[in-house]
Amino acid sequence: KNEVEQSPQNLTAQEGEFITINCSYSVGISALHWLQQHPGGGIVSLFMLSSGKKKHGRLIATINIQEKHSSLHITASHPRDSAVYICAVRGGATNKLIFGTGTLLAVQP
Amino acid sequence: DAGITQSPRHKVTETGTPVTLRCHQTENHRYMYWYRQDPGHGLRLIHYSYGVKDTDKGEVSDGYSVSRSKTEDFLLTLESATSSQTSVYFCAIRDPGQGLDQYFGPGTRLTVT
C-alpha cells in the first residue's frame, strides 16, 4: 500500500463547479504539500501546511492531522485549472517528501 | 520563479551512452534533489545533497551518480543509459521553514533508445 493515496485519480468537472481532491497518508509527517503540474509542464508548489487551513485565491487546502487526511478545494473552477494535482508529505523514516500519484483534473467549458 | 534551471531540457540518447543532467540554482540553498517522474508512479527520489560534496542515495539510485562541487550546481549522471531510464527528471531545491519549502526546476525529458 502506498504511503500517500490520492482520490480520485481522474476528475472531470464543468466550469464553475466546486472541486475537491483528497489525500490520505499513513506516516507521521511534519508537513504536507499540494503541487500543480500542467500537461508537459513543470511542478509548481501551491501550499505547504502542517495544520488547519490555507487559502490562496480560489484554492483552499485543509489538513486533519488526527485523521491523516488533507483536501484541496477549488472554487468556481475554470478550464485553466486543468492539471495534475499532487499531494506530497514530508515525513516517514527519512523525512523526505513522499509523493502521491496525482489527480488528473479536466475542467470543461 | 525560484531560480532553478535544468539543462538540457530535452535529450535523446542511445543505450549504453553516458548522460549528464545539470541543475543550477541561484538561491544558495543547501538542499538539492533529483527526482524522476514516470506514469503510474509518484515522483521518486534518485539522489539528494545537503551541501557541497555531501550527497546521499534516494529510493531509485541504481544506475545513477551525482556530484556537487559548488553550492549552485547539482549534476546527475547516468553512467550507461538504459531504456528503463527514459523519464522526466526534476531537480528541486529546499529552503526549510521558508515559504513553500521546496521548489522544482522545469524538468528534463530524457529518451533512451
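The values are calculated or read from the model by the stated rules, or taken from the named source; none is laboratory data. Treat the numbers as computed from the prediction; the structure is a model and nothing was measured. For neighbour counting, all protein chains shown are included, and Cβ atoms are generated from backbone atoms with ideal geometry for every residue, glycine included. Remember, those area values only see protein heavy atoms, side chains included, never the ligands or the DNA or RNA. Shrake-Rupley method; radii C 1.70, N 1.55, O 1.52, S 1.80 Å.
Under 14 Å from the Cβ of A:A31, count the other residues' Cβ atoms, weight Lys and Arg +1, Asp and Glu -1, and hand me the total. Could you put the intermediate results ahead of the total?
Working: positive: A:K54, A:K68, A:R90, A:K96, B:R94; negative: B:D95, B:D101.
Spelling it out: positives minus negatives among the neighbours equals +3.
Within 10 Å of the Cβ of each residue in B:23-30, the mean number of Cβ atoms contributed by other protein chains is 0.
Entry comment: accessible area of the stretch A:1-69 is 55 Å² per residue, from protein heavy atoms only and a probe of 1.4 Å. With just the Cα atoms defining each centre, how far is the stretch A:40-99 from the stretch B:35-113? Give it in Å. Taking the Cα centre of the stretch B:35-113 as reference, the centre of the stretch A:40-99 is 22 Å away.
For trypsin sites (Lys or Arg not before Pro), the sites in the stretch A:1-87 that DSSP calls loop and that have at most 14 other Cβ atoms within 10 Å are A:K1, A:R58. Per-residue SASA remark: B:D62, around 130 Å² accessible (1.4 Å probe; ligands, DNA and RNA not included).
Take every DSSP beta bridge with both residues inside chain A and express the antiparallel ones as a percent of the total, to the nearest 5. Each step should come with its number before you reach the end.
On the way: 42 of 47 bridges.
Taking every DSSP beta bridge within chain A, about 90 percent pair in antiparallel fashion.
A crude spin-label estimate for the pair A:A93 and B:D38, with each label 7 Å from Cα along the Cβ direction, gives 2.1 nm. For the options B:L76, B:L43, B:L21, a Gaussian network treatment of chain B with springs between C-alpha atoms closer than 10 Å singles out B:L43 as fluctuating the most. Chain B against chain A buries an accessible area of about 1400 Å², both chains summed, 1.4 Å probe radius. Working from label points 7 Å from Cα in the Cα-to-Cβ sense, the A:T20 to B:S7 distance is 4.8 nm.
Legend: residues in the stretch A:70-109 shielded by at least 20 square angstrom of accessible surface upon adding the remaining protein chains to the isolated chain (1.4 Å probe, heavy atoms) are A:R90, A:K96, A:L97, A:F99, A:T101. State the percentage of accessible surface on the protein assembly as shown attributable to carbon and sulfur atoms; use a 1.4 Å probe and exclude ligands, DNA and RNA. C and S fraction of accessible area: 48 percent.
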